[in-house]
Amino acid sequence: MDLNPPPCDRYVAAMLLSAAGDALGYRNQRWEYCTSGPQIHSELQELGGLANITASLPDWPVSDDTVLHLATAESLATGKSEEELYHEVARRYVAGMSDMEGRKPGPTSILGTSQLRPGEPGGFRIPFNPSGTGCGAAMRSMCIGLRFPRPSELPLLVAVSVESGMMTHNHPTGYLGSLASALFTSLSVQGVPLELWGSRLLETLPLAQEYISGTESDVTSHLETWDYFRESWERYLRERGLLQGSSPALFPSPYRPAERDTEYTKWSLDGWAGRSGHDAPIIAYDALLGAGGSWEELCGRAMFHGGDSDSTGVIAGCCWGALHGLSGVPEGNYMKLEYRERLEAAADALYRLAWKQH
């Protein structure tokens, strides 16, 4: 059965709140590089709380996450497909790297974009990278789920999220994070219960593996490093009681900022929570599960913790916006965002493309 189109304002909310989550979690580098969730929460209270924050320049810029998420979204908005789309994405990723002053792009994104040759045969592909495990692909792919929201479009979502992810993070732990963020956004649009998202991701991984096996020349390197992402997610879902997606999530008690810092670090690859392709979506998902319909609670869990808080925030914010719209979000958190007009235009374009037959 086909989906009924959601309100267009959900797409606008998804794009705006992704950038809001980025700007809030980043706080102009101050909070992204703070290792203490309790300290961030204390500083938040000194600012007067979330409702008192106006996320605008110069104090609250967006980071590299939103610049590259916009690059993905605006590429999709052209309506191009297959290799023509991939060259467009690669071109915009390369161009986006000229807008990184003060935004702290990751070294893997810098390296990957330097290797892209958009417009040349195969120029959207780079070599396999044994170190390409970071979250740089996961934090820019949510909009792919807005463009391909239907269950019937899952093969397209897999192909585009994997291909765009591999453009900089050509390692399963990196580009499967791109798949997770795109899939979760599509499930938000579909209205699939949150408790099912993790198991849906595990069910989708074989499709991604099949895609890699059919398109990559160096399949062995990918398959040899494939299991870490899957096993990490299985471990997380098992601990939350969600491996089958049939019951409410089980959280530690208490689960305050200090406890969340410990818990989030436990899922990490190298001790920096949310820095990798597997755990940035894990933390975003964990926050969505615990936040319900509260934007303030979501921010407390996804944007204000002692890890890569802008990258977890950008993913969580996008999904929350697609689920709930802008209701209950302080206007200051999104009304004066850097690149607000581009974000809204991209949302409108993606909505028209996704739902044009309606």
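For this structure, a couple of remarks:
- Between 109, 318, 271, the Cα set farthest toward the positive side of the dipole of the chain (charges on each charged residue's Cβ, about the Cα centre) is that of 318.
- Cα-based reach from residue 80 at 19 Å (exclusive), listing lysines while leaving out same-chain residues under 8 positions away: 356
- Among 133, 72, 113, the order by Cβ neighbours within 10 angstrom, fewest to most, reads 113, 133, 72.
- Computed E for residue 52/residue 327 - FRET, C-beta separation, R0 25 angstrom, nearest 0.05: 0.85
- Average Cα contact separation per residue, the range 240-358, under 8 Å, 6 or more apart, as relative contact order %: 18 percent
- C-alpha center-to-center spacing [the range 109-149, the range 280-305] in angstrom: 26 Å
- Pairwise centroid distance, computed over Cα atoms, of the range 161-207 with the range 28-102, Å: 20 Å
- Mean separation of Cα contacts under 8 Å, 6 or more apart, over the residue count of the range 8-354: relative contact order %: 32 percent
- Rounded to 0.05, the FRET efficiency of the residue 256 and residue 235 pair, given R0 = 22 Å and the Cβ-Cβ distance, is 0.45.
- Residue 78/residue 297 FRET efficiency (R0 51 Å; Cβ-Cβ; nearest 0.05): 0.90
Here, each number is a calculation from the coordinates, and none is a lab measurement. As the structure is a prediction and not an experimental result, all values here were calculated from the model. Cβ coordinates were reconstructed from backbone atoms using ideal geometry, including for glycine residues, and neighbour counts include every protein chain displayed.
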